[in-house]
Amino acid sequence: MKNTLILGVLAIFGSTTIYAQNTVHAACEASVVGYTETRVPSNFFTFADLKSTSAQGTTTQISDVLGSPYVVDAFQKGSLFYGEELAGTFYVRYNGFTKELEIKKGNSPDEIAKVLVKDKNLKFVFDNQDELKFVAFMDKKGNRHDEYLLTKSKGDKYQLMERPLVTYKEGKKAANSFMLDVPSKFVHRTELYALDLVTNIASQIPTKKSKLIDFFAESEKIQIAALIKKKSLNIKDVNDLSQIFDFANAISQDIALKE
């Protein structure tokens, strides 16, 4: 069964294309494949348009937009896993605007990248050991999302995750000859999330320490609160948060051993 699933993942490198001209889409040429509920590859492929269309219907050439839709422009090498099983070695880059992971067999500029099917069992481990995982999560407003998150702190029970976000800001024409045009641009920012590996659902990191402590198990809260106070940790700082999550995972292991 596992081998069948791996073959299904690798089937992203099939052919057959249709041309799409949708709303704002700033991806470079990439093909997309979907899957049926039985994990059988379907014939749904799309080549992304090389134009970006705003919500108001204005079309802007990508070359005229400042910045990049990609978190890192260059394709980076790593390993693709389905669950714990290795599917192969590939090159990828993440489009934070379209929220798609573009993937290639090799790093040749002539090879057209394909967009990886979105599946919670898939993860990509870069050669530097960073991980991108497809995760379900809740934002501060309680809205559910399913996107790729970057693992910032690993553990057996809790993980600190980063959500790369790229938004498109439409430019403006100069009001008169004394002013300059404001070009369209991609704006980058990030959000931090706490992932509970038991439920496999992540929640956005709150701004208050008490709310963060509530995320952890009752048996862990007192020690985590003491750590934050003792080291004066800032929960808005990713390095300080990593210390908290590493400590929380160590506590959960100790409790599991005692039980």
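Bear in mind that the values in this text are calculations on the coordinates, not laboratory data. Bear in mind that the values here come from a model prediction, so they are computed numbers and not experimental data.
Some observations on this one:
- Rounded to whole numbers, the Karplus 3J(HN,Hα) couplings from phi for the range 240-246 are 5, 4, 4, 4, 4, 6, 4 Hz, using 6.51 cos²θ - 1.76 cosθ + 1.60 with θ = phi - 60°, and x at Gly and Pro.
- Lys-Lys pairs in the range 202-252 that are eight or more residues apart or on separate chains and whose Cα atoms lie under 13 Å of each other come to 7.
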